[in-house]
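What follows is a set of notes on a single structure, which appears directly below.
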Amino acid sequence: MAEAGAGGPRLAELLAAGRRLWEELEAGAEPSSGAPAVQDKVRQGLDALQRAAAMVAQLELFSENEELDEVSSADLKFLLLPALLGALTLKQVDLSRRQQHLESARDHFLRFLKLCRSYGLGSFQLPPTAPGEEGAGSPPGNPPGAQPSLVAMAMSRNAKIERYKQKKELENKLASMRSFVESGTADDDQIREFYILQIQKWISISLEELESIDQEMVILKSRDVARQAPAAPRGPSRPVRVPVRPFILTRDAAQARVFGAGYPGLPTMTVDDWYEQRRRQGIVSGQSVPQRAPAGVSDEELQKQQQEKKEEEDDEEALQKARSWDDWKDTHPRGYGNRQNMG
């Protein structure tokens, strides 16, 4: 098997550069993940790690057919390349390509976990090959398509708690060993243990990230389906009303002739004509409705009009008397005949 040294120190430098940039991003010095400085580091880290991964593939450092003992201690750190690539891919913030970034990160984490399982590093179940798909990561006892049972949910929760405890223990061990390894004072066994602990830590990180990725992909898919669905009608459509031209509503044809004589004048219409027009348009039914006074006419004026109409049509004698009285007032000034100064 080719050693990492065959590629020169450049391979180790690329891995170190990519990992250093990821650690700086995790420290969160910048206020926003979308800041130009942050995204510039993401691009630099991805470029370094992708070049390192291409060199590892060319050198054929790892194989699923070999045992962990066959891998040199110096080469173990390069097993982390797919996991680091997945972590940096998730830090890209281009929303228009979010689905693509999630799928790419998922592929990196799965590649890392499959490689670790082939070398016997850690005991874990691989998640399904696609979100929502039943596979190696399905809880036992649940048939395909069934809702997770309370027992399965409890098992999943316990597994998360156990992974969290293991992760904390690994971080404490790594912190105590880091200074020896980085200073060059550690022997081969210590270096090998240090890198294996790092790999086990990233196994926990990868499982957590895969679970988050699958949840986000389901949300994105549901959102896309909702956007593509046709909008449901909110209710029955109302018929379009034709604008009504203003007109004067009168009680009878006589009033219509009077009000329609002005210039410029509005068209006139009696109550009966207006009601008949509305009936033809289907706005009101054909049943008779009680007649109402036009808008703006008070009860007192209506009674006065009705009294005048009655006098005009039914009482000729009263009409003659009223006319005679008007004629008399025209020819006799007010106070005529008041001989005793009483008025």
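Observations, loosely collected:
- Taking residues in the stretch 216-227 that are over 17 Å from Val93 (Cβ atoms) and open to solvent by 60 Å² or more (accessible area, probe 1.4 Å), and partners anywhere that are among the polar types (S, T, N, Q) and at pLDDT 90 or above, the pairs with Cβ atoms closer than 9 Å and at least 6 places apart or on different chains are Lys221/Gln99; Asp224/Gln99.
- Filtered residue count, the stretch 167-185, keeping only those that are among the β-branched types (Val, Ile, Thr) and in a helix (DSSP H, G or I): 1
- Residue in the stretch 151-169 that is open to solvent by 60 Å² or more (accessible area, probe 1.4 Å), modelled with pLDDT of 80 or more and over 37 Å from the mean Cα position of the chain (by Cα) present: yes
For (1) in contact with a helix residue (DSSP H, G or I) (Cβ under 7 Å, 6 or more places away or on another chain); (2) in contact (Cβ under 8 Å) with a residue 12 or more places away in the chain; (3) buried (at least 21 other Cβ atoms within 10 Å of the Cβ), each residue gets a yes or a no:
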position	(1), (2), (3)
Arg43	no, no, no
Leu49	yes, yes, yes
Leu59	yes, yes, no
Asp69	no, no, no
Thr89	yes, yes, yes
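- Some residue of the stretch 186-205 being assigned to a loop (DSSP other than H, G, I, E, B), open to solvent by less than 60 Å² (accessible area, probe 1.4 Å) and either more than 30 Å from Ala87 (Cα to Cα) or modelled with pLDDT under 65 (or both): no
The values are calculated or read from the model by the stated rules, or taken from the named source; none is laboratory data. All values derive from a computational prediction rather than experimental measurement. Counting neighbours? That spans all protein chains shown, and the Cβs are built from the backbone with ideal geometry, glycine included. Each accessible area value is taken on the protein alone, full model and side chains, heavy atoms only, with ligands, DNA and RNA left out. Shrake-Rupley method; radii C 1.70, N 1.55, O 1.52, S 1.80 Å.
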